[in-house]
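Following: one structure in structure tokens, then a few remarks.
The values are calculated or read from the model by the stated rules, or taken from the named source; none is laboratory data. Computed from a prediction, not measured in an experiment: that's the story for all the values here. FYI the Cβ positions are ideal-geometry reconstructions off the backbone, even for glycines, and counts take in every protein chain you see.
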Amino acid sequence: MAAPSSNPALAPPQPALSVNSNPAHLDPLPPSVFTLPQTAQLEALYTIIRNKDTSRGDFLFYSDRIIRLLVEEGLNHLPVVARTVETPTGATYNGVGFEGKICGVSILRAGEAMEAGLREVCRSVRIGKILIQRDEDTTLPKLFYSKFPPDIASRYVLLLDPMLATGGSAMKAVEVLMEHGVPEERIIFINLIAAPEGLTTFCTRFPSLKVITGWIDQGLNEKAYIIPGLGDFGERRYCT
Amino acid sequence: MLEGLLAPPHTFVGEASQRHDLQGLPSTPRTPSLQPKKNTVLVSHGRPPWYAEDGQRTSDAFVIGVAGGSASGKTHVARQIVRKLGSIPTIIILSQDSFYKYHNEKELALAHANLLDFDHPDAIDMPLFASCLADLKAGKQSNIPVYSFAAHQRLDETKYLYGATIIIAEGIMALTDPALRALYDLKVFVQCDSDLMLARRIKRDVKERGRDVTGILDQYLRYVKPSYDNFVQPSSAHADIIVPGSNNDVAIDLISTHIQKQLKERSHNLRGKIAVPHRYISSPSGTSSPENILEEEVDLDIMRSTPQLAGIYTILRDRTTRRQDFIFFTDRLSTLLVEHALQYLPFVPKSVTTPIGVETLGKKLDTQFICGVSILRSGGALERGFRRVINDVPIGSLLIQSDSKSGEAMLLHVGLPFYIRHRHLAEQTYVFRRLLFPAQIGTAAAAFMAIRILLDHGVQEDRIIFVTFLVACQGGVSVLKRAFPGVKIVCGAVDNEMEEGWLEGYKGEGNPEGKGRHVWVMKPGMGQIGVKS
């Protein structure tokens, strides 16, 4: 049990998460990877969205719930500063204040589904977009489109993509962000389901970039789909 | 309500058909709004605590049985008692008429031909009457049957009753059944001359229903009189008090005085005991940190403190925070709290197939009975978060306010979901109780009352999950946990101390000078959540 938040000693930022308690599929976890607390409750949410018979309405509702938890967790990796306020009862409270500007960047198309979840938690957050697709000739991920807030280099970036399979497009997105002047350690990658292969590749390439993932699955099949996964997130979300 | 379902003139059958005749006795002029209804919980100013510090009920409800012949004035006596008691809260007048048996088709045909004897004890479902009364007496909820005099039939619907301090059971056969008699604390028989009763009956039926005297007399001689002689009159032997059917002011005065005396002996001052746990009483400065004591002794689930959570609490505690920010951040906090609290629900393994055809083992929720109950008045604060996480469950509410004079928690309104109103469902239901007034456990008086209400309804203690923003560890939470160890308390933060203070008073009923109220305030606290949102 953590210390109560009324404790004034809390002020400096602290490592937000307990370590992954579900190391079955990736052990040890790279130090930059954080998962949500692996509770039965969370597992039940994943069971619903994994099920191919789940209706679209339920898929939306339950994936939104997980996304909200992921975003809340991701925000915990942003810095805070000590702040003292006076309460309505007239007492002094030593708390913390949020620090640093943020910006969300979604990897199209599935990442767009996470924007609403981010907005629910951070009102009026700026959101940039990246479209990355596989190049037919080279089979490598290729940047098709990107649009960022002009001052993105001075912001913390929450990079949004629900599925991390091989990690190809996510790594490409990080490259693009870094080209725009965002340092690696100021990017937080928020992700619903990750395959161990892609996660390992990604974290080896960007060791100081924090990854928040909800669940680490078994692995990839021959078509590079996450197993057991939940199918194509974008397809299930947008029904296309 | 029975009053709305009364017999049309052609279905004149004994006692049952006279209900509404008794409503406006000319000897007692009164305004309609003061007319005590039957089979309804009558509330004058809220229900004070009915339990002690250990969480157990201090006493059963006080039950009065009122019997007497048809048109003897039983209802009049019952209502006069209610009026005399005045400010005594939560009274139910339970009418025997609700308990007429369910009729089969043969009986139904007889009833419509006015050939079914409704004045016989066998017409009444005495075991059901007794079990409903026993439940109410024991402080549990009861769903009493609803009988339609128009259809001569018990309806499918039931009427939910809960929370009476005094129950008056009235009916011609109220004293005939031994099981019923065993439940009464006071047995009253309204004695009236047969000719006076007949005279009243004829007068009413002729005047108000336009019926002829022959028909009334025929009915009277065939059913009413034999029933009175054989069953009703002999039951007066069991009465503690025989009250005359007219000019009975003195008798009613005596009865009311007796009841008031009995209730006074049962009353107590609960808030003092909860708010000042002996351990903390002498440290008003409160700088000593009781947190360690708290965590060892009181099994609270305090959410893992994160930078975001700390930041949210800072904003919520800041007196300069704007209202829309306050709402936004309570919303965020409540979503996190409810998500966290959901882990206390039971889960079982479930196997599903994913869209790529892989079978995988996961988990699913193992109950279909989940509901939420808000403690008003700051209802919205946790409710939005709850809805966001569980969108399709029933949500009930309890209005509990502290009394402006005594500071005691007062139950003003009970609106519980279907699952809880029916005991057999309540026993399997998981209840998320969102403590919303004041969304903080300070003295815990409101929380205590709310948990007691759920237990009264048959909800199991370990299926109550109490979700709250803030707990004062010097406050009543340890008393609460000691009384109800099975209840899980999920909170976002713990405050260090409670401070005696004065709440700004409002001029109004019971407080004509607008004097401030003596309260316990949490430090540093976050003010009254209801006021802010």
Close pairs (7 angstrom Cβ cut-off, 6 or more residues apart or separate chains): over 12 Å from B:Pro49 (Cα atoms) in the stretch B:400-413, at pLDDT below 65 anywhere: B:Ser404/B:Gly510; B:Ser404/B:Asn511; B:Ser404/B:Arg517; B:Lys405/B:Gly510
Among residues of the stretch B:299-320, those that are under 23 Å from B:Ser374 (Cβ atoms) and surrounded by fewer than 19 Cβ atoms within 10 Å (Cβ to Cβ), counted: 1
Hits in the stretch A:179-200 - residues which are surrounded by fewer than 17 Cβ atoms within 10 Å (Cβ to Cβ) and not small (Gly, Ala, Ser): A:Glu179, A:His180, A:Pro183, A:Glu184, A:Glu185, A:Thr200
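What tally of residues in the stretch A:175-200 results from selecting those that are of a type in the set (D, E, K, R) and within 23 Å of A:Pro79 (Cα to Cα)? Steps first, please.
Of the stretch A:175-200, the ones of a type in the set (D, E, K, R) are A:175, A:179, A:184-186, A:197.
Now narrow it down to the ones that are within 23 Å of A:Pro79 (Cα to Cα): A:184-186.
Matching residues across the stretch A:175-200 total 3.
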Residues that are out of contact with any helix residue (DSSP H, G or I) (no Cβ under 9 Å at 6 or more places or on another chain) and either crowded, with 22+ Cβ neighbours inside 10 Å or touching a residue at least 60 places away in the same chain (Cβ under 8 Å) (or both), drawn from the stretch A:25-42: A:Gln38
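Can you give me the ranges of the helices (runs of 4 or more DSSP H) entirely in the stretch B:100-209 with at least 3 residues that are farther than 23 Å from B:Pro226 by Cα?
Working: elements: B:105-112, B:126-137, B:178-181, B:194-209.
Here the list reads B:126-137, B:194-209.
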Of the criteria (1) at pLDDT 85 or above; (2) over 18 Å from the mean Cα position of the chain (by Cα); (3) more than 9 Å from chain B (Cβ to nearest Cβ), which one A:Thr47 fails: (3)
Check on B:Gly476, modelled with pLDDT under 80 and surrounded by fewer than 24 Cβ atoms within 10 Å (Cβ to Cβ): no
Of the criteria (1) of a type in the set (D, E, K, R); (2) part of a helix (DSSP H, G or I); (3) at the interface with chain B (Cβ under 7 Å from one of its Cβ atoms), which one A:Lys52 fails: (2)
Top-ranked residue of the stretch A:184-209 - restricted to ones that are within 13 Å of another protein chain (Cβ to nearest Cβ) and not in a loop (DSSP other than H, G, I, E, B), ranked as farthest from A:Leu160 (Cα to Cα): A:Ile193
Verdict on B:Asp193 being farther than 28 Å from B:Lys106 by Cβ, in contact with a helix residue (DSSP H, G or I) (Cβ under 8 Å, 6 or more places away or on another chain) and surrounded by fewer than 21 Cβ atoms within 10 Å (Cβ to Cβ): no
The lone exception for A:Leu220 - which of (1) within 14 Å of A:Gly168 (Cβ to Cβ); (2) of a type in the set (A, V, I, L, M); (3) more than 14 Å from every other protein chain (Cβ to nearest Cβ) it fails: (3)
Selection from the stretch B:199-223 of residues that are at pLDDT 85 or above and touching a Lys or Arg at 6+ places or on another chain (Cβ under 8 Å): B:Tyr220
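For the stretch A:115-156, what are the residues that are more than 17 Å from A:Ala173 (Cβ to Cβ) and charged (D, E, K, R)? Please lay out each step first, then the result.
Kept after step one, since they are more than 17 Å from A:Ala173 (Cβ to Cβ), are these residues of the stretch A:115-156: A:116-117, A:119-125, A:136-139, A:150-151, A:154.
Of everything in the stretch A:115-156, those that are more than 17 Å from A:Ala173 (Cβ to Cβ) and charged (D, E, K, R) turn out to be A:Arg119, A:Glu120, A:Arg123, A:Glu136, A:Asp137, A:Asp151.
Are there helices (runs of 4 or more DSSP H) fully within the stretch B:294-403 with at least 1 residues that are away from chain A (no Cβ under 12 Å)? List them.
Working: elements: B:307-317, B:323-341, B:380-389.
Of the helices (runs of 4 or more DSSP H) lying wholly inside the stretch B:294-403, those with at least 1 residues that are away from chain A (no Cβ under 12 Å) span B:323-341, B:380-389.
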Residue in the stretch A:124-131 that is among the small types (Gly, Ala, Ser), within 16 Å of A:Cys103 (Cβ to Cβ) and free of Cβ contacts under 8 Å to residues at least 24 places away in the same chain present: yes
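Report those strands (runs of 3 or more DSSP E) wholly inside the stretch A:62-161 carrying at least 1 residues which are more than 12 Å from chain B (Cβ to nearest Cβ), buried (at least 17 other Cβ atoms within 10 Å of the Cβ) and modelled with pLDDT of 90 or more. Please lay out each step first, then the result.
Values: elements: A:80-86, A:92-98, A:102-108, A:126-134, A:141-147, A:156-160.
The qualifying strands (runs of 3 or more DSSP E) are A:102-108, A:126-134, A:156-160.
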Residues of the stretch B:84-121 satisfying the condition of being of a type in the set (Asp, Glu), out of contact with any Gly (no Cβ under 6 Å at 6 or more places or on another chain) and crowded, with 19+ Cβ neighbours inside 10 Å: B:Asp97
Some residue of the stretch B:92-110 being over 22 Å from the mean Cα position of the chain (by Cα), among the aromatic types (Phe, Trp, Tyr) and at negative phi: yes
